[in-house]
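Below is one structure, written out as structure tokens; the observations come after it.
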Amino acid sequence: MASVRQIHSGICLFASNSGSIGEGDALITARPGLAVSVRTADCLPILLADSHRRAVAAIHAGWRGTVSRIVSNTIEEMGRRFDTSPGDIFAAIGPGIGPCCYHVGAEVAAHFGVNAPGKVDLAEANRSQLMASGVEDSRIAILRLCTRCDPERFHSFRRDQDRAGRMISYIQICG
């Protein structure tokens, strides 16, 4: 399994081997058997699979990564590295803090087009980036489960602060 030291950025890295690849917030590979992974505790895990070129990506998308276009950057990097066409991508957006619990100040809200403190829907913002990059809406699955609302199933940094654990999401190409 390959991992990345997550820094809440728009940086996508290429993984050819297991272990820690470097600093960034997304990993891509086309190597069969190599899983690429991200860790989350309110930020969204987003997994991409190119059904034609057999390439995959694991993305860590918090508000900073979303604003830095981590999803779009990853799709662009898959295009450069693997000749991925966005129309061949399937996307899965996993559990993360939902708009029910994601209250942000005016400074963060402004990045999402809101001029006052309020709530942000990270899943919807990333779905919009996927579609703007050319991924068909019918190929995007969103697991609308809020990590903060569900302590029985999910870790949440907003809920548990420094006591919060992390969830690992990964994807790989089989054989």
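Values quoted throughout were computed directly from the atomic coordinates according to the rules given, and no laboratory measurement underlies them. Note that the coordinates shown come from a computational prediction; the quantities given were computed from them, not determined experimentally.
Quick look at the values:
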item: Nearest 10 degrees, 0 to 90: helix 70-82 Cα axis against the chain principal axis; result: 0
item: Helix-only CD estimate at 222 nm, as mean residue ellipticity for the chain, using -39500 (n - 2.57) per DSSP H run (n ≥ 4); result: -5500 deg cm²/dmol
item: The chain: angle of helix 122-132 to the longest principal axis, Cα-based, in degrees nearest 10; result: 40
item: At 1.306 mPa s and 10 °C, Stokes diffusion of the range 29-81 via Kirkwood alpha-carbon radius, µm² per second; result: 136
item: Share of pairwise Cα separations in the chain, more than 29 Å, in percent; result: 15
item: Reciprocal mean inverse distance between Cα atoms of the range 79-129 - Kirkwood radius, Å; result: 12.9
item: Average projection area in nm² (convex hull over Cα atoms of the range 82-175, one quarter of hull surface); result: 8.3
